[in-house]
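A short reminder: the numbers here are calculations on the coordinates, not readings from a lab. Since the structure is predicted, the reported quantities are computational estimates derived from the model, not experimental observations. Positions of Cβ are backbone-derived with ideal geometry, glycine not excepted, and every protein chain shown enters the neighbour counts.
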Amino acid sequence: MGFNKNVGKTIAVYSFVIGILYAIFGILEILVGWGDFVGTGVSFIQPIELAGVNVVPPDVFGGIMLLIIGAVYLTGVREQTKAEREGLSFLLVGSLLAAVFFMVYLVIMLANGVGYVFQFEDWLEWIWLDDLRPGIWLFLLALPGAYLAFTKKEWRE
Amino acid sequence: MVYTVALIGNPNVGKSVIFNNLVPGARQHVGNWPGKTVEKKEGKCVHKGTELKIVDLPGTYSLTARAVDELIARNYIVEEKPEVVVHIIDASNIERNLYLTFLLLELEANVVIALNMFDVAKEKGYKIDVKKLSKQLGVSIVPTAATTKEGMKELKDEIVYAAQKKGLVKVKPVITYGEKIEDLIQSIVDIIKDGMLAQKYPPRWLAIKLLEKDEDVLEKIKGSRYQNELMEVIMKAKNVLGDDPELVLADKRYDLISTILATSLVRGAKKWTLTDMLDKVFIHKGLGIPVFIALFWAMFRFAYDASAPFMEIIGLFFEKLAEASAGIPNEVLASLIGDGIFGGLGFILTFIPPIFFLFLGISILEDSGYLARAAFIMDRIMFKLGLHGRSFIPMLLGFGCNIPAMMATRSIEGEKDRLITLLVNPFISCGARLPVYILIAGTFFGSMATTAIWSMYFLGIVVAILLALLLRKTILRGEPAPFIMELPLYKAPTFHGSVIHMWERGVQFLKKAGTYLLAGAIILWFLSTFPWGAEVELSYTGQIGHALAPLFAPLGFDWRIVASLVFALLAKEIAVEALGIIYAVEGETAIGGALLASYNPVIGYTLMAFTLLYIPCVATIGTMKKESGSWKWTIFQLVLTLVVAYVVGLIITGIGALLGYV
């Protein structure tokens with residue numbers, strides 16, 4: 001099936017949801033990390049924990065990067081709604097950026113695992129959940145879009 | 001007999017890949033962006049019993065005398081007269097590439113065309129009638145796909161055939177430029193045909209170049225008996241043609257190309273390729289720069305965070321060796337090995353993982369074709385500032401090492417543009433500064449370390465652009481030369497290719513470690529431990545540091561930092577090595593903790609910025625002298641970098657004081 005209006009609208013809704021999620025978690029990372037960034041230690045919101053796991057790390061610049069990914073997804077929504085194939089570019093590059101950050105965070109998690117296995121001083125209390133950042137699990141939601149953007153060649157015709 | 005074969009072509013058409021395919025064992029760096037080859041490279045191969053010397057020339061769009069790399073390519077063909085000139089053409093962009101073919105034919109070179117990227121052209125829907133095109137141009141054409149080695153055997157066959165037939169058949173000009181231009185060409189040929197120049201160079205080519213007012217050729221006729229007569233013809237050419245002859249000739253060439261391609265090329269319906277899709281965002285007006293920032297930040301995050309445990313492993317290894325060396329009975333030898341070699345050189349070697357990881361990141365970005373886009377989006381900003389967009393390519397190359405980056409400025413047309421780029425290039429952060437950033441940022445900035453390191457790279461770019469602007473507005477006034485940049489196709493980087501490129505860059509650090517850094521460690525140890533038995537502060541290093549420390553007191557630097565910066569003039573990494581030795585001799589094993597006790601984050605950040613901006617290493621100074629050909633500009637650069645580093649240091653210290661760090 002070609003890139004028609006129905007497909008375009010579905011892709012637009014999907015890009016909008018993923019883009020908003022990246023943007024929300026980006027803003028949360030900034031708000032949680034603000035205190036550390038300016039050196040006051042007082043952030044706009046407290047760290048968000050779920051079952052003892054910090055789901056939003058305090059990381060201002062990491063948050064900005066998530067915002068950029070979100071912006072890429074959201075910029076393409078209008079063109080996708082109109083079934084203009086150019087809109088697919090934003091889904092493709094958004095997915096690519098999401099994949100880059102997923103890979104980087106995953107490699108860092110694995111490297112920290114090496115530190116833990118060797119029981120180096122700085123890694124004694126490390127648990128893998130510490131490194132399970134939004135940049136990792138958000139990509140799992142972005143994965144179907146990434147797959148479609150790369151494989152559906154007929155959409156580009 | 002050995003036949004000489006020159007490879008020539010536009011930038012990024014696959015010359016280096018073809019060179020590597022033709023020359024057994026050649027491993028010339030192949031990167032997905034224009035301007036990698038700035039010097040000619042040579043190799044040999046034997047085909048069907050014929051020995052061939054293959055020469056890879058720098059990528060060039062034309063053969064004018066404006067840019068150094070163009071001149072290198074042209075002079076080689078004109079002066080060395082290779083038996084065969086293989087013109088490598090990007091088949092997917094044939095129209096623009098054929099322009100250079102015309103220039104080569106004017107030179108009466110024995111041309112064989114390698115119609116490379118034939119597969120990409122096919123994908124784009126191009127149908128090229130190779131036989132017809134070959135007949136129209138009067139040269140042999142071999143379709144190739146260098147990356148898959150398709151057409152390589154046929155290309156070698158054709159090279160050998162062309163080499164053997166050279167001289168047997170007189171090359172006739174198949175390209176003519178119309179009556180008016182041909183009359184002018186003939187007038188000039190008639191004047192020069194009996195002269196010395198015509199014995200050495202093709203008279204028709206000389207005539208065309210003189211009509212184009214080529215500086216190099218005009219220089220050659222200076223003082224000759226027919227100079228005045230020639231100048232008369234050259235001067236009247238504009239009136240006869242109604243416009244600048246150079247422009248008229250360029251238009252004529254493109255007209256001829258269009259005429260030829262009208263019958264030998266059928267373009268299919270334009271397909272929207274993956275490259276088009278990616279470029280829609282990567283060079284997007286609003287998103288291009290944020291995406292560039294995000295990708296670079298990810299690269300530094302990877303280099304710094306993922307390397308931390310591996311640095312720990314190497315650090316522990318050298319710590320154990322240092323401990324073991326304490327058992328050496330001779331006290332001086334024990335100190336040399338423990339404090340000098342393992343404390344200094346060993347300490348700097350712990351930075352191998354982040355350096356290699358950073359180079360892996362740069363290689364992936366380069367191989368994918370993204371770095372060329374980074375240059376393109378920065379060009380927008382630079383153009384608005386009145387700077388030459390091409391300058392950004394050498395700047396990006398500077399992330400690896402400033403030396404090849406300075407050599408890459410040869411592709412910049414215009415002496416002032418090139419000089420500006422040379423002068424500001426050392427502000428771009430090379431791999432050698434990375435150990436300093438990692439040590440300081442890791443010590444003072446905790447979870448913000450990646451951002452602190454990343455900020456140094458951006459500080460370097462910002463300072464380079466601002467300085468370039470200042471130079472353009474003051475001592476190097478003028479308009480930037482026009483800049484056309486071809487964006488290469490995106491390619492999925494291969495693990496094998498990226499690792500090789502990482503190794504090519506990283507091995508330079510290892511070589512340095514075995515030479516400069518080892519020698520530096522021994523000298524530094526000697527200067528830090530002698531007079532023997534004295535405190536480090538009273539050693540020769542301490543004396544050097546103390547003598548210069550008052551100059552740097554406003555920046556918060558004490559004698560240790562000052563001494564380490566003095567030694568780092570040899571190579572920037574030595575700053576870290578020096579701190580390692582000074583603290584090791586003082587009996588400190590945890591350098592991070594010792595630094596934390598001695599300085600505050602503002603001093604740390606100032607030290608990072610100062611290391612980035614102050615006088616480049618000796619090898620870079622040597623390259624500046626070689627590339628600029630002037631001691632005046634080399635010394636100017638040394639003063640400029642020192643002043644800029646000091647001023648930026650003062651600004652950071654001032655901001656720190658406002659924030660309460662005194």
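Between A:I127 and B:L650, what's the calculated FRET efficiency when r is the beta-carbon distance and R0 is 41 Å? Round to 0.05.
Details: r = 44 Å, r/R0 = 1.08.
Rounded to the nearest 0.05, the efficiency is 0.40.
Tally the DSSP beta bridges in chain B and give the antiparallel ones as a percent, rounded to 5.
Antiparallel bridges make up about 35 percent of those DSSP assigns within chain B.
Loop only by DSSP, 10 or fewer other Cβ within 10 Å of the Cβ. Give me the trypsin sites (Lys or Arg not before Pro) in segment B:241-290 that pass, ordered by residue number.
Here the sparse-neighbourhood loop sites are B:K270, B:K285.
Where a Cα-Cα gap under 22 Å defines reach, which lysines qualify for B:K625, not counting those fewer than 8 residues away within the same chain?
Answer for B:K625, where 22 Å is the Cα cut-off: B:K36, B:K40, B:K416, B:K512, B:K572, listed by chain and number.
Using the Cα atoms of chain B, I'd like the radius of gyration and the largest Cα-Cα distance, Dmax, both in angstrom.
In Å, with Rg to one decimal and Dmax whole: 28.6, 92.
Points 7 angstrom from Cα along the Cβ direction at B:T147 and B:V266: gap in nanometres?
Going by the 7 Å Cα→Cβ label model, 2.7 nm.
Find me the longest stretch of chain A that has none of the exposed chymotrypsin sites (Phe, Trp or Tyr not before Pro), where exposed means in a DSSP loop (not H, G, I, E or B) with at most 13 other Cβ atoms within 10 Å.
A:45-117
Can you tell me the relative contact order of segment B:284-416? Whole percent, Cα pairs under 8 Å, sequence separation 6 or more. Working shown, then result.
Working: 93 pairs, mean separation 28.6, N = 133.
Computed value for segment B:284-416: 22 percent relative contact order.
Kindly express, to the nearest 10 degrees and within the range 0 to 90, the angle between helix A:60-75's C-alpha long axis and the longest C-alpha principal axis of chain A.
So the inclination is approximately 10 degrees.
Counting alpha carbon pairs within less than 8 Å and at least 6 residues apart, what relative contact order, in whole percent, applies to segment B:77-235? Walk me through the numbers before you get to the answer.
Working: 164 pairs, mean separation 30.5, N = 159.
So the answer I get is 19 percent.
Tell me the GluC sites (Glu not before Pro) within segment A:32-122 that lie in a loop according to DSSP and have at most 14 other beta-carbon atoms within 10 Å.
Loop-located and lightly packed - A:E84.
On each of the three principal axes of the Cα atoms of the protein assembly as shown, give max minus min coordinate, whole Å, ordered largest first.
82, 75, 55
Among the complete DSSP H segments of chain B, which ones combine at least 27 Å of alpha-carbon extent along their axis with a mean Kyte-Doolittle hydropathy of 1.0 or more? Before the final figure, lay out the partial values.
Values: long enough: B:245-264 (28 Å, 0.36); B:449-473 (36 Å, 1.74); B:631-658 (41 Å, 1.81).
The answer, listed by residue number, is B:449-473, B:631-658.
Long-range amide H contacts for B:H47: which residues qualify at under 5 Å (H placed 1.01 Å from N, peptide plane, sequence gap of 5 or more or a different chain)?
B:L52
Compare the Cα positions of A:W128, A:V104, A:G115 along the charge dipole of segment A:101-156 (+1 at Cβ of Lys, Arg; -1 at Cβ of Asp, Glu; about the Cα centre) and return the one farthest towards the positive end.
A:V104
Return the long-range amide H neighbours of B:E42 (sequence gap of 5 or more, or a different chain), with a cut-off of under 5 Å between placed amide H atoms.
Long-range HN contacts for B:E42: B:D56.
Considering every residue in B:287-298, what mean count of other chain Cβ atoms within 10 Å of its Cβ is obtained?
5
How large is the helix-only mean residue ellipticity at 222 nm for the protein assembly as shown, computed as the sum of -39500 (n - 2.57) over DSSP H runs with n ≥ 4, divided by its residue count, in deg cm²/dmol to the nearest 500? Spell out each step's value before the answer.
Working: 38 runs with 499 residues, N = 819.
Dividing the helical sum by the residues of the protein assembly as shown leaves -19500 deg cm²/dmol.
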